[in-house]
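Data block below; observations after.
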């Protein structure tokens, strides 16, 4: 028992250590997008299906000794492959630099191919371990193996929790890969010992069928097609919710391992609780919890801006509170839905005879949910609608499961639970329609809701409702319809007003417009998430003005207007070479003059189309007086290739201005990134870091970067009064004071000294907590 437990634990630990490890390793290769993690998660889910299918076929088609031979051959072959890769790549599982993508085309397919070549076979072997060893254990010990599944999830959870807090800060990425391969050898030894026990307990003449005869005596009826469908749908709903929650958490903060691991850890925790013992999942606890979390999450989704206003009136720090509220609400909703889905899975699980096919269906459902979230949703949906889809799907599945279960409160027609559902559902549109904190002003509607609830609760006792049970079933169905309708309505309203909406691998982008009385003040704005990333006025007076974060009082505006090349007697004789990481609307090109050269680095094809469309909403790029060139691909990879081929750009100014929503691409603010930037700059060139952010205070990090490279400069904090400009924070750094010493610039520079000490970010280490506002 101990050997089986240890081997299953090690396999699960390895499975979930390699996920964030490889995702972090390849994240800079694909622009630091949060979708990189979702694609990695889909890959691992697909391999989990393959591993479970292999375990099912191996366990049901071959005799015990044949299983031992086949599986040990695969385990040893995997170890030999990793040794071979270590000699080629200098790492057993991490590809070398030659595998970096040269273009941003087809990122999902590239990621899937890259992961297949690097860790595909080891992950396949590890993913088959849980169900296969549980089946071996059931044969040799004639006992229920389901607690071993809970143990495997404990190993997975431990791996996830130790990675951001123990492994990531202590070890370089390639060292992590070597350590992972070393633990794999221990796992291989455990597999060999378990196989030895199975070999000794089996005979040459037995068949796979006779291996399971003793389990048939304990098993009940075979699962029906409806049961198979529910296994897949319940697992798929939880998986889709995992992907949707990760998107929701990452789009406004940063795509970093912690924000990947938190949702996945909650997902696994629900597995651990539910599969450890059936008594931990109580419907009377988690069904009301589902009502509350759905209720709160929809309010947060629809009313986040009103909530910010309310927090401001209370004198609270809205950015931090709102960040905590968003993450806490999303985490609570994810955990509750996963508990309901996985708890119902446990109630539907079969006897040990059908163990491998049960796990196969669960893995298939997980992969299906992952595919919908990572591939189907970006192709079909214009926004992050998969979260609302998962919420509605969870409630519908709960309704179906309860109707099929004769012991459920819904099947027995108890009205108390349904009344609670109906109260919440009827109150929800009122709360959202009036405002998250204005419900007291709608007392007539609340009185109607309360009267309906009292009728449901006490109707049978008073004789007013002779059959309240039927009404309870209709009440729950009505509650689901109301929540689904509200989700659809809020989605339509949210995406009906934009002039344009597009979504791809890198996020959701909207072009918004206003409706002013004076056409001169009509403006188009580019939004990603809840953050505006540039705007341009239609009227001729303001059309060519740099707006938003790039006005004359901003750090980049002061630099462009007062650069020594601009102050020369003949400015045309001293043109500026400007590099910009992140295109947006191309607003910086408005600062270009005749003879200047602007080189944009942009990985997102959708942004390039928006900014350069000849008949589009923004004309900064095509109407700039400067020569403008756009380099497609990740900025760091593009600059690395330029430097490797002996073509440094010798920029006078290099502006780092890449964001997705309010999320910071971490790989653009590391020590290694700054080294690349400085090699692209002239000796007196200026590095401009745009660090405006609602949730993160990146000034201490910028201070550490300046100290690490002995750079001079400071921060320009601009809070303009004019409506065409927005608040901005720009850090300006240079090797010497030739440019930043200009009086017009120096007068606005504030020192970076006095900031709290934070650890320098590297490609191996980044810490979100140390920079939260």
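Only the coordinates and a few stated rules stand behind these numbers; no lab work does. What you are looking at is a predicted structure, and each value in this text was computed from that prediction instead of being measured. No Cβ is skipped: glycine too gets one built from the backbone with ideal geometry, and neighbour counts run over all protein chains shown.
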Fill in the blank from the handout: Between residue 324 and residue 759, the two model label points (7 Å from Cα along the beta-carbon direction) sit apart by a distance in nm of 2.4
Problem - Highest average packing first - 593-602, 174-183, Cβ atoms within 10 Å - result: 593-602, 174-183
Practice task
Based on the mean of other Cβ atoms within 10 Å per residue, sort peptides 501-511, 339-349 so the most packed one is first.
Solution key: 339-349, 501-511
Completion exercise
When 401, 653 are arranged by how many other beta-carbons sit within 10 Å of their Cβ, fewest first, they go 401, 653
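Report the full-extension gain for the segment residue 284 to residue 521: residue separation times 0.36 nm, less the Cα-Cα distance, to one decimal in nm. Please report the intermediate quantities before stating the final value.
On the way: separation 237, 0.36 × 237 = 85.32 nm, distance 5.62 nm.
Extra length from residue 284 to residue 521 when fully extended: 79.7 nm.
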Practice task
Pull out a ≥ b ≥ c, the square roots of the eigenvalues of the alpha-carbon gyration tensor of segment 1-209, then state rounded if a/c is under 1.5, prolate if not and a/b is larger than b/c, and oblate in the remaining case.
Solution key: prolate
Practice task
Figure the gain on full extension for residue 561 and residue 166 (residue separation times 0.36 nm, minus the Cα-Cα span) and round it to one decimal in nm.
Solution key: 137.5 nm
Handout entry: Two-site label geometry, residue 73 and residue 769: point separation in nm, points 7 Å out along Cα→Cβ
Key = 4.9
Problem - Bins of 5 Å, starting at 0 and running to the largest distance - Cα pair percent for segment 550-771 - result: 1, 7, 14, 20, 21, 19, 12, 5, 1, 0
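If each residue of separation counts as 0.36 nm, what is the full-extension length gain between residue 514 and residue 379 once their alpha-carbon separation is subtracted?
Numbers: separation 135, 0.36 × 135 = 48.60 nm, distance 2.80 nm.
45.8 nm is the gain from fully extending residue 514 to residue 379.
Based on the alpha-carbon gyration tensor of segment 669-765 and its eigenvalue square roots a ≥ b ≥ c, which shape applies: rounded if a/c is under 1.5, prolate if not and a/b is larger than b/c, or oblate?
On the way: a/c = 1.75, a/b = 1.19, b/c = 1.47.
Verdict is oblate for segment 669-765.
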Problem - Förster-model FRET efficiency, 51 Å R0, residue 407 and residue 622, C-beta, rounded to 0.05 - result: 0.15
